[in-house]
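Here is the structure we will look at, set down as structure tokens.
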Amino acid sequence: MSSFDGVHTLDRATKYAMEKALIAQGYLIHHLPEVVNFLFSPKQVVIHLALVTLLQSAVMGITFSRKTFKRWWRLLMSDAGKRIQKLEQKMEQCSTYKDWITLAEELDCIRGLDKWRADDSSPLFDGRVLRKRITDTQNMLFRSDIFDLMFRLRGGLARDQDGTQHEGLYTLAAAGTKNIVEKYHNTVATALNFVCDSDEREVPDDAKLAFFNETRHSYGRTALLLSGGAYLGYYHMGVSKALWGEGLLPRVISGASAGSLMAAMIGSKTDKELQEIFYGEEDTDDFRRDYFKTSTAIRSPTGARLEKLLPEFLRPYLNPLLCLIFDGKIINLDIQHLKTVVIENVGQYTFQEGARFVHTLHHTTRR
């Protein structure tokens, strides 16, 4: 084939493709309204939503039925299951961590998880390396070899040491994780306290400060992050109460949405004030718990004017629909009420005043 024939064939192929493309484009433009109407018509949208809702309900129903059947089977057919059921019910009613952890350890024994905790081997972390680090640190503490101890800690200390922070280690047993993991962190805490409490003539304070500043980057600092969830945010108070009662409430607390309300309240109180909030009577303390107050008033001016045009007896029934159309939600949160409660529980501070206030609290409380 000559070069002329090749060019001619390419030209014809190009023209053919352009003609077909124009035909396809015209067909698509002509039938586009029908396709859009089929996919996005109100009828089809309702069908899609109904199918999604039905599927989600089926999944939730199967999951709930499976858990319920398993619970009742364990309760009726096994003595150990009956004991586990009773322990779980008691744990839900515990008011102190001491009582809860006692029941949790008993629960682990029934389930055989106490043996899992005592076993140092695991595919999730290197038990051999961890045992060696614990032994070396304990030997240096026994010899009071503070300089070698500081050198080892500075060079090899990490919070996630050899996989010890894997979530699988903290989601199985109720009373805690592997004993060797807990022993590692307790040994590290003992070593850090030993360095902190050493004689200034042996290790000057500026050298200690430099050591702890460097170590903080590798070992880190525990923080408490409180999530949102509207009324579920009150559960954060129970978590904070348990941590505070054991002297474990972190110095760094942050939150989102409802969690930020609890974080602000906790972070602006002294130990004495927290004692009154956590353990005082609800009717006698000064802590307001009515953060959330709902309102059915329509905020949109257009929606409010339209509501006034409705007959009086129809307004209670059509108000939620108007709120949904004009405000995007059926019930509105009373922001002014929320603001009032926050001011009474926390106080009024600028960001600079708040930072100074929290800094002062860090030096006057055990947090």
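Any read-out appearing in this document is the output of simple, stated calculations on the displayed coordinates, not a laboratory observation. Bear in mind that the values here come from a model prediction, so they are computed numbers and not experimental data. FYI the Cβ positions are ideal-geometry reconstructions off the backbone, even for glycines, and counts take in every protein chain you see.
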Applying the Karplus parametrisation 6.51 cos²θ - 1.76 cosθ + 1.60 with θ = phi - 60° to the phi angles of segment 163-175, what ³J(HN,Hα) value in whole Hz is obtained for each residue in order, glycine and proline being reported as x?
x, 6, 9, 4, 5, x, 7, 10, 10, 9, 7, 7, 8
Label-point separation in nm, Ser65 to Thr190, each point 7 Å along Cα→Cβ:
5.4 nm
Run the numbers on segment 45-179 and let me know its relative contact order in percent, using alpha-carbon pairs under 8 Å that are six or more apart.
25 percent
Within straight cross-link reach of Lys82, meaning Cα distance under 18 Å, which lysines are found once same-chain residues fewer than 8 apart are removed?
Lys67, Lys70, Lys90
Which three lengths, in whole Å and largest first, does segment 121-164 cover when its Cα atoms are put on their principal axes?
34, 17, 10
Pairs to check: Lys208/Lys272; Lys98/Lys178; Lys269/Lys339; Lys98/Lys339; Lys241/Lys329; Lys115/Lys241. Give those whose C-alpha atoms are more than 28 Å from each other in this structure.
Lys208/Lys272; Lys98/Lys339; Lys241/Lys329; Lys115/Lys241
Between Ile325 and Thr53, what is the FRET efficiency for a Förster distance of 30 Å, r being their Cβ-Cβ separation, to the nearest 0.05?
0.90
For Leu226, other-chain or 5+-apart residues with amide H closer than 5 Å (H placed, Pro excluded) are Ser254, Gly255, Ala256
Segment 233-324: relative contact order as a whole-number percent, Cα under 8 Å and 6+ apart
19 percent
Using label points projected 7 Å from each Cα along Cα→Cβ, tell me how many nm separate Thr296 and Leu209, to one decimal.
6.2 nm
In sequence order, what are the phi-derived ³J(HN,Hα) couplings for segment 113-121 according to the Karplus relation 6.51 cos²θ - 1.76 cosθ + 1.60 with θ = phi - 60°, rounded to whole Hz, with x for glycine and proline?
7, 5, 5, 4, 5, 6, 7, 7, 8
What ³J(HN,Hα) values, in whole Hz, does the Karplus curve 6.51 cos²θ - 1.76 cosθ + 1.60 give for segment 51-57 when θ = phi - 60°, with x put for Gly and Pro?
5, 5, 5, 5, 5, 5, 5
